[in-house]
Structure formats: structure tokens, C-alpha cells
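Q: Before anything else, here's the structure in question.
Read-outs throughout are calculated quantities, based only on the coordinates presented, and are distinct from any laboratory measurement. All values derive from a computational prediction rather than experimental measurement. Note that we place each Cβ from the backbone using ideal geometry, even for glycine, and neighbour counts take in every protein chain shown.
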Amino acid sequence: MASTKTYTAIFVVLMALSTTQAAVEWLGFLEDYYWETLGVIMVLSTMKALAVAGYYMHLRDEPRSITYVAMAGLIGFLALTAGASYSII
């Protein structure tokens, strides 16, 4: 089980990633650099999802088969998001 210091560090990392993601969206890069901005947002979102799944959902301590099921959900999410991004333009 992780310590309180570990959870606090992960929380700070998640807050920094969320703040960076909000700043990228707020600065208006989506209008001029759509695909680059979408890529940055997807990378930040994936990093946040992996941190939450690994630490807060305790997937680091689970058998690999359960981790693979969670990763299948992430891959499905990425496929749906990529498909939806084509219909926005």
C-alpha cells in the first residue's frame, strides 16, 4: 500500500497535468493548431488516466490480466475519441 506522501505527490502531478491541459485549451491553440493541440491533450489525458489507474485504483498491485482489461478500456476510449475528432472538422 502506498504512503500518504505518494498519494500527495500523485495528486500534485495530476493537478499540474490538469492545469497544463486547461491552459492549452484556454489559450486558443485549438483554432490554429488543431491536430497538434489534440495530440498534446490526448497525451496529457492518457498520463492522467494511467496515474489514476496505477495508484488510486491500485492496478500496480493487481495481476496483469486485470491491468490488461483496464488497458482495453483505455484503447477503446482512444479509438472513440480519435473517431469523434474526425467529425468535428
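Q: Pick out, from 3, 73, 17, the residue whose Cα sits farthest towards the positive end of the charge dipole of the chain, with +1 on the Cβ of Lys and Arg and -1 on the Cβ of Asp and Glu.
A: 3
Q: Given +1 on the Cβ of Lys and Arg, -1 on the Cβ of Asp and Glu, and no further charges, what dipole in debye does the chain carry about its Cα centre, rounded to the nearest 20?
A: Its charge dipole is roughly 400 debye.
Q: Which of the DSSP-defined H helices in the chain satisfy a minimum axial length of 27 Å, computed from C-alpha atoms, and a minimum mean Kyte-Doolittle hydropathy of -0.5?
A: Flagged H segments are 4-26, 64-88.
Q: I've got another one for you. Under 1.5 on a/c is rounded, so check that first for region 4-88, then, if it is not, pick prolate when a/b is larger than b/c and oblate when it is not; a ≥ b ≥ c are the square roots of the alpha carbon gyration tensor eigenvalues.
A: It comes out oblate by the Cα gyration axes.
Q: I want to check the label-to-label distance for residue 71 and residue 16. Put each point 7 Å from Cα in the C-beta direction and report it in nm to one decimal.
A: 2.6
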